[in-house]
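Student: Can you read through this structure? Questions will come right after.
The values are calculated or read from the model by the stated rules, or taken from the named source; none is laboratory data. Predicted, not measured: the structure shown is a model, and the values here were computed from it. Every residue, glycine as well, gets a Cβ built from its backbone with ideal geometry; the counts of neighbours run over all protein chains shown. These accessible areas exclude ligands, DNA and RNA; they are computed on the full protein's heavy atoms, side chains included. Shrake-Rupley method; radii C 1.70, N 1.55, O 1.52, S 1.80 Å.
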Amino acid sequence: MEIKNQYLLDLLKRTEQRNANEPEFIQAVTEVFATLEPVIEKRQDLVDAGVLERIVEPERQIIFRVPWVDDNGKMHVNRGFRVQFNSAIGPYKGGIRLHPSVNLNIIKFLGFEQTFKNSLTTLPMGGGKGGSDFDPKGKSDNEIMNFCQSFMTELYRHIGADLDVPAGDIGTGAREIGFMFGQYKRIKNEWVGVLTGKGLHYGGSLARKQATGYGLCYFTNEMLQANGTSFEGKTVLVSGSGNVAIYACEKATEYGAKVVAMSDSNGYIYDKDGIDLNAVKQIKEVERKRIKEYLSYRPNAEYHEGCKGIWTIPCDIALPCATQNEIDGESAKILVKNGCKVVSEGANMPSTPEAIDTYLSNGLLYGPAKAANAGGVATSGLEMTQNSMRLSWTFEEVDEKLHAIMRSIFKACDDASKEYGMPGNYMAGANIAGFIKVAEAMKSQGNV
Ligand code: NDP
Ligand code: 2IT
């Protein structure tokens, strides 16, 4: 990925200088800029309107103290973030990540990506992201509740159903959303759809839990079909074993593929007969234990320490569904050497720039995160619609809408890649299609 356009190079340099020590944010901006050259050359009006200078600067960034007390009465202090990146096409929208690695840089890269992803969904949602360096692992339900209530006690004043609608991400699932929603309602004394990913008894949408993983497979299936192939009979690796990974595994298996490996941050399991997903759900969704426990359900499977090794297993299709930069250049080369033909991203920015170069130069089909994993936030958008209408759709209705959205996202990426002279480069297509809608909206709204 090389940028030649002088205007983009100068702006990237200024962005790097103004955001020193934010490598993931700069990585995300660089990737988008590298694919926008043909747009910039055609659309001087967008350059004149200062759209790019504005799009790399969040509209608002909030950082706050989150004090909470553990079960032994000890006080802890974490740092909370909400970055409201862009509201050109709708209220800020994006998840809340709870993981010790969270800092402003991580939340900014995620908020930047979210802006383009949400644009691709076809729904009216702007981009935002939040989180904390709180580590939910090993905490009791009571400690999780104390943290979530403290987090919301500050966050509530910055969000709203027509302003900013957070949701889940790493470390934030239905349990955490429930505690945050309860605290928001209590403080504001109003019941509104201010969070998505809610429980089904109180305004959550059917199929939201499955949406990111299913959507990833719907997108990947479109990409495979457009290139004359399918999931049928393919060997698949799915990294991670959280919300996205579990439902990617489920849908890929339904499509006739065999998923042979999954992982967590400690290590990976390899089951040559195909993953027993009920065992994984029991371990991860019910017991909240480590993936290593899989061996007690399937003694013939293998467990290996370290998460990178998963990419050394021969496969046809890799679906990274854990975290950023989990596939580096070296892992990408091993995947290619072992015959992998497709990489489609459930996680946000799971491939390093070197990995992406390796996919593209070896002719792999590459489904970039902001298109491939957009099914989660799209279904959050559908949850917002149901909340506003005060009704709930059936699982089938939501799933059908999700499927249609993923088809339209693939088409938008495919069309843009062709229109701008890079057919088959869905990363370029996703960045261009996502960008143009936000840029047009920003230009129309003037200097804001
Ligand atoms: P979960 O918390 O449910 O699961 C995360 C999984 O990834 C776990 O298996 C976790 O292992 C692993 N993981 C997390 N961090 C690391 C790390 N630093 N190194 C290795 N493994 C790690 O999160 P989700 O499934 O919701 O999210 C996974 C990815 O998908 C993220 O990139 C997220 O941003 C993205 N995403 C999520 C959406 C959603 O709707 N939830 C929508 C779109 C994208 P462990 O348990 O050991 O930490
Ligand atoms: O990265 C993502 O798109 C998400 N974590 C989902 C965000 C949402 O608002 O549903």
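Student: Looking at Phe85, Phe64, Phe81, which one is among the hydrophobic types (A, V, I, L, M, F, W, C), surrounded by fewer than 20 Cβ atoms within 10 Å (Cβ to Cβ) and under 24 Å from Asp164 (Cα atoms)?
Tutor: Phe64
Student: Scan the stretch 44-62 residue by residue and report those that are under 15 Å from Val438 (Cα atoms) and in contact (Cβ under 8 Å) with a residue 40 or more places away in the chain.
Tutor: Residues satisfying the conditions are Asp45, Leu46, Val47, Ala49, Gly50, Val51, Leu52, Glu53, Arg54, Ile55, Val56, Pro58.
Student: Just to be sure before I move on: is Ile283 more than 15 Å from Val343 (Cα to Cα) and in contact with an Asp or Glu (Cβ under 6 Å, 6 or more places away or on another chain) in the structure I sent?
Tutor: The answer is yes for Ile283.
Student: Of all residues being part of a loop (DSSP other than H, G, I, E, B) and open to solvent by 40 Å² or more (accessible area, probe 1.4 Å) in the stretch 323-350, which is farthest from ligand 2 (Cβ to nearest atom)? Just the residue, please.
Tutor: Asn338
Student: A further question follows. All but one of (1) within 16 Å of ligand 2 (Cβ to nearest atom); (2) in contact (Cβ under 8 Å) with a residue 40 or more places away in the chain hold for Ala261, so report the exception by its number.
Tutor: Of the numbered conditions (1) within 16 Å of ligand 2 (Cβ to nearest atom); (2) in contact (Cβ under 8 Å) with a residue 40 or more places away in the chain, the odd one out for Ala261 is (1).
Student: For the stretch 4-52, give me every one of the helices (runs of 4 or more DSSP H) that falls completely inside it and has 1 or more residues that are within 26 Å of the chain's Cα centre (by Cα). Explain how you work it out, then say what you get.
Tutor: Working: elements: 6-18, 23-42, 44-48.
Hits in the stretch 4-52: 6-18, 23-42.
Student: In addition: Kindly provide the set of residues from the stretch 264-315 that are surrounded by fewer than 16 Cβ atoms within 10 Å (Cβ to Cβ) and either within 16 Å of ligand 2 (Cβ to nearest atom) or without any contact (Cβ under 8 Å) to a residue 12 or more places away in the chain (or both), ordered by number.
Tutor: Across the stretch 264-315, the qualifying residues are Asn278, Val286, Glu287, Arg288, Lys289, Ser296, Pro299.
Student: Based on what the data block shows, is Lys117 assigned to a helix (DSSP H, G or I), touching a residue at least 40 places away in the same chain (Cβ under 8 Å) and closer than 27 Å to Met427 by Cβ?
Tutor: yes
Student: Check the stretch 105-118 and report whether any residue there is open to solvent by 30 Å² or more (accessible area, probe 1.4 Å) and at pLDDT 95 or above.
Tutor: no
Student: Consider Gln27 against the criteria (1) crowded, with 22+ Cβ neighbours inside 10 Å; (2) under 24 Å from Asn373 (Cα atoms): it satisfies all of them except one. Which criterion is unmet?
Tutor: Looking at each condition in turn, Gln27 falls short on (1).
Student: Identify, please: which residue in the stretch 365-390 is surrounded by fewer than 20 Cβ atoms within 10 Å (Cβ to Cβ) and more than 16 Å from ligand 2 (Cβ to nearest atom) and is, among those, nearest to Asn227 (Cα to Cα)?
Tutor: Taking the candidates together, the pick is Leu365.
Student: Please go through the stretch 170-209 and give me each residue that is of a type in the set (Lys, Arg) and either open to solvent by 30 Å² or more (accessible area, probe 1.4 Å) or touching a Leu at 6+ places or on another chain (Cβ under 6 Å) (or both), ordered by number.
Tutor: Arg175, Lys185, Arg186, Lys188, Arg208, Lys209
Student: Can you pull out the helices (runs of 4 or more DSSP H) entirely within the stretch 360-448 that have at least 3 residues that are of a type in the set (D, E, K, R) and within 17 Å of Thr212 (Cβ to Cβ)?
Tutor: Ranges flagged: 395-419.
Student: Same structure, new question: Filter the stretch 210-250 for residues that are surrounded by fewer than 22 Cβ atoms within 10 Å (Cβ to Cβ) and within 16 Å of ligand 1 (Cβ to nearest atom) and give the result.
Tutor: Within the stretch 210-250, Glu250 is the sole residue that qualifies.
Student: Find the residue count for the stretch 121-150, including only residues that are among the aliphatic types (A, V, I, L, M), surrounded by 24 or more Cβ atoms within 10 Å (Cβ to Cβ) and outside any loop (DSSP other than H, G, I, E, B).
Tutor: Number satisfying all stated conditions: 0.
Student: Among the candidates Ile89, Ile106, Ile96, which residue alone is in contact with a Ser or Thr (Cβ under 7 Å, 6 or more places away or on another chain) and within 16 Å of ligand 1 (Cβ to nearest atom)?
Tutor: Ile96
Student: How many residues are in contact with a strand residue (DSSP E or B) (Cβ under 8 Å, 6 or more places away or on another chain) and among the hydrophobic types (A, V, I, L, M, F, W, C) if we restrict to the stretch 278-301?
Tutor: 4
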